[in-house]
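Chemist: Just dropping this structure here.
Every number here is computed from the coordinates shown, using simple stated rules; none is lab data. Treat the numbers as computed from the prediction; the structure is a model and nothing was measured. All Cβ positions, glycine included, derive from the backbone under ideal geometry; neighbour counts span all protein chains shown.
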Amino acid sequence: MTTTPMPTQAALLDPAPLMQMSFSFAAARILSTAVQLDIFSHIAAGAQTASEIAQAARASERGTRMLLDALRGFELLTKHKDAYALSPLAARFLVRNSPDYFGAMLESDAYWEAWTHLIQAVRTGKPVHAVFDPAEAEEFFSVLTRSLHVQNRLPSQRLAKLLGAGSKYQGLRVLDVGCGSGVWGIAIAEADSQARATAQDLPKVLEQTRAYLETHGVADRYDFLPGDLHKINFPAGEYDLALLGHIVHGEDEASARELFSRLQAALKPGGRLAIVDMIPNDERSGPPFPLIFALNMLVYTHAGDTYTFGEYTNWLRGAGFAAVEMADLGDRSGIATIIAQK
């Protein structure tokens, strides 16, 4: 009697995850191509068929039909017979004249092109584009800020609630460092009608900040502190709350420690520092997004990285903070907040 041998563990392995990973670039290219051809705006304006959309986009009908079907596959469009329509997600975030338009960072191939040089960055340990250098920072962040404002609106509102703005605490004096659009401070100001905030960032970025503050109706409660966050002299003992929303990943250990020390001095006794960032676990084995984003810092900065809660705790206690805790912002990708109290 013959028996069929049991398959070995090696024989049971399936390379499908490798194929999915190697082709994952396609989703990003499909989305950015659709944004750059203004596909979603053309549909919002009334174009429905592949022929009509291709004509509006000045593209081939064949290529447009394939692109539209791929977008349908990602559930960014719906399709009935030959007519395409926007999904709620696309209608809100991908139509150019929407107040919640997210596509600004996809309108050029700058991010794609930088990542094509990842092998160079890994080999040399040097950035492809050092976007925190003064020569590049204002232009780079003036574009990125437009998308990040939309992305961070919900997390900023969750942070304001977590910090007790307008409920447990009223009349907060807030310092928003590297504020970008001001999204994190705006949520505090909206929750606490008596709050007064200071927005700190590069001068060109603060021009955008002012516009967002006007839109949200909180500009009359803001002061401005233009300049490089590494060189600014923050007023001593003036603030109840300091905010670092997605800032620390651009710093190395020495500059992060120095920044924490200066912010500790800027806080009143009992004041708090809230840090929002991508935070891997202490073994740096997950979640995936903070680990991927560390490579983004390799591509774009001289010494940036993503840091663990253990590293943050060590640095913040070294800066004189008495208590450090991490809180969940309801994001499963590894974005969380660290709250340190003076």
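Chemist: Go through (i) 1.15; (ii) 1.31; (iii) 1.26 and flag the label whose value is the computed Cα Rg over 2.2 N^0.38 Å for this structure.
Modeler: (i)
Chemist: What does the helix-only formula give at 222 nm for the chain: each DSSP H stretch with n ≥ 4 adding -39500 (n - 2.57), the total divided by the residues, and the result rounded to the nearest 500 deg cm²/dmol?
Modeler: About -13500 deg cm²/dmol.
Chemist: Between their Cα atoms, which of Lys168/Lys204; Lys231/Lys268; Lys168/Lys342; Lys231/Lys342; Lys161/Lys231; Lys161/Lys204 are more than 27 Å away from each other?
Modeler: Those over the limit are Lys168/Lys204; Lys161/Lys231; Lys161/Lys204.
Chemist: So how much slack lies between Asp252 and Arg96, counting 0.36 nm per residue of separation and subtracting their Cα-Cα distance, in nm?
Modeler: Here the answer is 52.5 nm.
Chemist: Further, regarding this structure: Once you put a point 7 Å from the Cα of Ser60 and another 7 Å from the Cα of Ile292, both along the Cβ direction, what distance in nm separates them?
Modeler: For Ser60 paired with Ile292, the spin-label model returns 3.0 nm.
Chemist: To continue, here is another question. For helix 309-318, report the angle its Cα long axis makes with the longest principal axis of the Cα atoms of the chain; keep it between 0 and 90° and round to the nearest 10°.
Modeler: Around 20 degrees separate the two axes.
Chemist: What order, most packed first, do the peptides 87-97, 115-125 have when packing is the mean number of other Cβ atoms within 10 Å of each residue?
Modeler: In descending order of packing, they fall as 87-97, 115-125.
Chemist: Could you check which residue among Ser41, Ser261, Ser285 shows the biggest mean-square fluctuation in a GNM of the chain with a 10 Å Cα cutoff?
Modeler: Sorting by GNM fluctuation, first place goes to Ser285.
Chemist: I would also like to ask the following. Which percent, nearest 5, of DSSP beta bridges in the range 123-341 are antiparallel?
Modeler: So the antiparallel bridges amount to about 40 percent of the total.
Chemist: A follow-up question, please. For Phe102, what is the net charge nearby, where nearby means another residue's Cβ is under 12 Å from its Cβ and Lys, Arg count +1, Asp, Glu -1?
Modeler: Around Phe102, the charge tally is +2.
Chemist: Would you mind checking the tilt of helix 253-266 against the longest principal axis of the Cα atoms of the chain, expressed as 0 to 90 degrees and rounded to 10?
Modeler: For 253-266 against the chain, the angle is about 50 degrees.
Chemist: Based on the mean of other Cβ atoms within 10 Å per residue, sort peptides 68-81, 165-178 so the most packed one is first.
Modeler: For the peptides 68-81, 165-178, the packing ranking is 165-178, 68-81.
Chemist: A further question follows. Please give the residues of the range 185-203, grouped as numeric ranges, whose backbone N is less than 11 Å from a label point set 7 Å along the Cα-to-Cβ vector of Asp223.
Modeler: 196-199
Chemist: Follow-up. Round to the nearest 0.05 the FRET efficiency obtained for Ala85 and Ser285 when R0 = 41 Å and r is the Cβ-Cβ distance.
Modeler: Step by step, r from the Cβ atoms, then E = 0.45.
Chemist: Which of the three applies to the range 26-103, rounded, prolate or oblate, going by the alpha-carbon gyration tensor with a ≥ b ≥ c and a/c under 1.5 meaning rounded?
Modeler: rounded
Chemist: Within a Cβ distance under 15 Å of Ala121, other residues only, what is the Lys/Arg minus Asp/Glu net charge?
Modeler: 0
Chemist: Each label point is 7 Å from the Cα along the Cα-to-Cβ direction; what then is the distance between the points at Thr78 and Ser261, in nm?
Modeler: According to this spin-label approximation, the distance is 5.9 nm.
Chemist: Using Cα atoms only, what is the angle between the long axis of helix 288-300 and the major principal axis of the chain, expressed in degrees (0 to 90) to the nearest 10?
Modeler: So the helix axis and the longest Cα principal axis differ by about 80 degrees.
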